[in-house]
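Computed from the coordinates by the stated procedures, all read-outs in this text should not be read as laboratory data. Everything numeric here is computed off the predicted structure, so don't read it as measured data. As a convention, Cβ positions derive from the backbone with ideal geometry for all residues, glycine included, and neighbour counts pool all protein chains shown.
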């Protein structure tokens, strides 16, 4: 259920923010933000190739974002970035609890050999980009199906 409910909730949040605001936030600057993220993810992912979770997460996100920015020319990326900022609030709460904040033993444990080791509290930094990658993938699918319909 987790892998059905969470992506649905993220796309629903994106849809609500897009529908309620009727404004494409960051439209004029979403490409600049996307290019910066692509370069940062590529450099960090390549630099950390020996760290499986880090490299797969960052390089996958970089390639998806590059495809959507350069090939698809996705105009919805500005709205995605705004929606993701809203998603960060429950993300930090739930992921923090799962990785050991406020509880004695963590539910989710990360092998330090597979991650960079940088954490925000108990959450590996890579988790933020993993969440971005999964959310963007679902929104890209939603937008493609929606525009074809």
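For the chain, taking Cα atoms only, Rg and Dmax work out to 15.9, 49 Å respectively.
Arranged from fewest to most other beta-carbon atoms within 10 Å of their beta carbon, 99, 57 become 99, 57.
Sort 30, 146 so that the residue with the fewest other Cβ atoms within 10 Å of its own Cβ comes first and the one with the most comes last. Show your work: numbers first, answer last.
On the way: 30 21, 146 11.
The order, fewest Cβ neighbours first, is 146, 30.
Spin-label model, residue 71/residue 12: points 7 Å from Cα along the beta carbon direction are separated by 3.1 nm. Model label sites at residue 120 and residue 50, defined 7 Å from Cα along the beta-carbon direction, differ in position by 2.7 nm. What whole-number distance in Å separates the alpha-carbon centres of the stretch 82-134 and the stretch 12-81? Cα centroid of the stretch 82-134 versus Cα centroid of the stretch 12-81: 18 Å apart. Bin all alpha-carbon pair distances of the stretch 86-149 at 5 Å intervals from 0 and give each bin's fraction as a whole percent. Histogram of Cα-Cα distances, whole percents per bin: 4, 16, 21, 20, 14, 9, 7, 5, 3, 0. Taking the chain as a Gaussian network of alpha-carbon nodes connected by springs under 10 Å, the highest mean-square fluctuation of the residues 55, 34, 21 belongs to 21. Taking the fewest neighbouring Cβ atoms within 10 Å as the starting point, the ordered list for 98, 120, 65 is 120, 98, 65.
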